[in-house]
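Inspection log for the structure reproduced underneath, given as structure tokens.
Read the figures in this text as sums done on the coordinates, not as results from a lab. Computed from a prediction, not measured in an experiment: that's the story for all the values here. Using ideal geometry, Cβ is built from the backbone for each residue, glycine included, and neighbour counts are taken over all protein chains shown.
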Amino acid sequence: MSVKGNDKKLAAEAATDYVKDGMTVGLGSGSTAEWMLKRLGALVKDGLNIKGIPTSVKTESLARKHGIPLTDFSKTATVDLAIDGADEIDGQLNLLKGGGGSLVREKIIDAAAEKLIIIADQSKMVQQLGSFPLPIEVVPFGWEMTKKQIAAYGAEPKLRKEENRVFVSDNGNYILDCSFGKMVNPESLHDTLKSMAGVVETGLFIGMTDQAMIGQNGKVEMIGDTKKDDWWYWRE
Ligand SMILES: O=C[C@H](O)[C@H](O)[C@H](O)COP(=O)(O)O
């Protein structure tokens, strides 16, 4: 496994320490979250009693493969904890997400969670969000017009494709990957984009994260949740 892969794994496993018996857990998407699913599956096998709410169709199928019992919002009123990955994380723990196209379900579940823990390797930490193109989920009807509106706001939106076909999200929508460059005020950018007709959601997750577990060179740094006395530590 690469050093980066190992750091993702360590961060993901550190976050599972926070999963306790009886919890409903939001299950994030992406390669880092996959390590979390694997670990949770092993814990469930050892008797941990939890229910997961998956943030994507892929996560749902991986969770089933690992034997994690699942639920959905029709059967549960609360999400005790969500554990999710990110494409960029700034110093205030604002996030840029959606590299895998799961931003809408991720935002619904992460926002509903009592506590959100983000797992990543050090390469995801940035001074300012925006080097990674911002994924914006848009309704397929009239997407060209939505793209023009976003472009007029200073981005270069590109319709996401996969193997030469238009990428379709789990919700049946398109994704525009938009290069805005470094964002001075991601919150106001998100608000502006959200107000445009045809925009379903943006990959900016502002003020939602409670803690980040960051893997680096075989250790895990925990950032955030200043109310806790363990707010800054290294885990071997
Ligand atoms: O849509 C995908 C999600 O936002 C992922 O959590 C994000 O792209 C990070 O994925 P990874 O852990 O593979 O870098």
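Determine, at each q value in 0.16 (inverse angstroms), the log₁₀ of I(q)/I(0) that the Debye formula gives when each Cα of the chain is one equal point scatterer.
-1.13
Using the Karplus curve 6.51 cos²θ - 1.76 cosθ + 1.60 with θ = phi - 60°, what ³J(HN,Hα) values do you get for each residue of region 160-172, in whole Hz, with x for Gly and Pro?
5, 10, 9, 6, 6, 10, 5, 6, 10, 6, 4, 9, x
Please state the charge dipole magnitude for the chain, taken about the Cα centre, from unit charges on C-beta atoms (+1 on K and R, -1 on D and E), reported in debye and rounded to the nearest 20. Kindly include the intermediate steps, with their values, before the conclusion.
Working: 29 positive and 33 negative charges, 109 e Å.
Rounded to the nearest 20 debye, it is 520 debye.
Dipole of region 134-203 (Lys/Arg Cβ +1, Asp/Glu Cβ -1, origin at the Cα centre): which of 172, 142, 195 lies farthest to the positive side?
Farthest towards the positive end: 142.
Running a GNM on the chain with Cα contacts under 10 Å, which residue among 216, 128, 92 ends up with the highest mean-square fluctuation?
Result for the chain, Cα springs under 10 Å: 92 fluctuates most.
Could you give the dipole magnitude of region 134-203 about its Cα centre, charging the beta-carbon of Lys and Arg +1 and that of Asp and Glu -1, in debye to the nearest 20?
Working: 8 positive and 10 negative charges, 46 e Å.
Charge dipole, region 134-203, about its Cα centre: 220 debye, nearest 20.
For the chain, which DSSP H helices look membrane-span-like by this rule: Cα extent along the axis of 15 Å or more and mean Kyte-Doolittle of at least -1.0? Numbers along the way, then the final one.
Working: long enough: 3-16 (20 Å, -0.58); 31-45 (22 Å, 0.17).
Membrane-span-like by this criterion, though nothing is claimed about a membrane: 3-16, 31-45.
By average Cβ neighbour count within 10 Å, what is the ranking of 153-160, 81-88 from highest down?
On the way: 153-160: 16.0, 81-88: 26.2.
Result, highest mean Cβ count within 10 Å first: 81-88, 153-160.
I need the calculated FRET efficiency for the pair residue 156 and residue 123, taking r as the beta carbon distance and R₀ as 30 Å, to the nearest 0.05.
After rounding to 0.05, the efficiency reads 0.85.
Build a GNM of the chain with springs between Cα atoms under 10 Å: which of 201, 187, 137 gets the top mean-square fluctuation?
The residue with the greatest mean-square fluctuation here is 187.
Show the residues, 5+ positions off or on another chain, whose built amide H is closer than 5 Å to the amide H of residue 52.
Amide H to amide H, under 5 Å and 5 or more residues apart or across chains, residue 52 pairs with 25, 70, 71.
Could you tell me which of the pairs 58/219; 9/182; 51/107 are separated by over 22 angstrom between their Cα atoms in the structure shown?
58/219; 9/182, as the Cα separations exceed 22 Å there.
Amide H of residue 171 versus every other amide H placed in the peptide plane: which residues, excluding those fewer than 5 positions away on the same chain, fall under 5 Å?
Under 5 Å from the amide H of residue 171: no residue qualifies.
Using a 10 angstrom cutoff on alpha carbons, build the Gaussian network for the chain and name the most mobile of 76, 55, 16.
76
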